[in-house]
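Okay, structure first, notes after.
Where a number appears in this text, it was derived from the coordinates with a stated rule and is not lab data. The structure presented is a predicted model; accordingly, all values stated were derived computationally and were not measured. Virtual Cβ from ideal backbone geometry, glycine too; neighbours counted across all protein chains shown.
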Amino acid sequence: MEFCSFDAAYIESLCAGDRPTQDHFVGYFTTLLQLKLRSRLQSPQAIEDVRQETFARVIKALRNPGTLRQPERLGAFVNTVCNNVLFEHYRVNSRSQSLDEEGQPELPAVGATPLEIVVGKQMKEKVREILTDMNPRDRMVLKAVFIDERDRDEICREFGVEKDYLRVLLHRAKQEFKAEYLKRFNDEGPKGGPKGPKKTNS
């Protein structure tokens with residue numbers, strides 16, 4: 001498929017309810033989201049539910065002035081919203097599964113395990129704090145690759161680097177994040193609680 005670029009006029013028409021723009025938006029992003037969701041969800045109904053909820057949230061958010069300051073980033077914004085909807089779907093699905101009778105077959109992994117769902121909620125604030133304190137370039141690299149899930153070629157163009165050097169930047173950023181995460185975890189103890197008293201030899 002041909003990838004589109006977006007501008008302020010497109011966003012304005014979309015929010016104003018312009019039918020051709022809305023039809024283009026739905027058609028264009030339906031194709032992209034289905035490619036993403038088919039690898040993460042088993043049920044066609046679940047795929048459709050996540051897609052529709054993603055579109056509804058995107059339109060609602062865009063109608064709030066200042067939500068998207070860079071119209072050309074509409075694709076990344078839709079992807080981020082979709083990730084949030086997926087996370088909520090996993091969480092609800094996990095709760096439903098825990099209420100089922102014992103002996104039922106386990107659901108196949110669809111991108112996030114129940115453990116990741118629980119830990120993700122607890123660690124979300126900590127991760128945000130670490131990213132905020134990181135070197136701006138390292139933070140932007142991690143966000144582009146792991147949070148926004150943007151195309152690597154697009155990221156290379158934005159940063160003005162080759163793919164080989166992007167891997168270097170990404171490795172450095174991950175090492176910085178890991179070191180800071182471990183430091184904070186050790187300082188605060190598991191689950192963000194206070195660290196217990198050190199044992200001393202009597």
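When the pairs K36/K143; K143/K178; K163/K183 are compared against a 24 Å limit on Cα-Cα distance, K163/K183 fall above it.
For segment 13-48 and segment 141-183, write down the distance between their C-alpha centroids in whole Å. About 27 Å separates the Cα centre of segment 13-48 from the one of segment 141-183. Loop-located GluC sites (Glu not before Pro) in segment 1-51 (DSSP state not H, G, I, E or B) with no more than 10 neighbouring Cβ atoms inside 10 Å: E2. For M134, no residue has an amide H sitting under 5 Å from its own, ignoring neighbours fewer than 5 places away on the same chain, with H placed 1.01 Å from N.
Distance between the modelled labels on T30 and R167, one decimal in nanometres: 3.9 nm (7 Å Cα→Cβ projection). Among residues other than I47 with Cβ under 12 Å from its Cβ, the summed charge is +1 (Lys and Arg +1, Asp and Glu -1).
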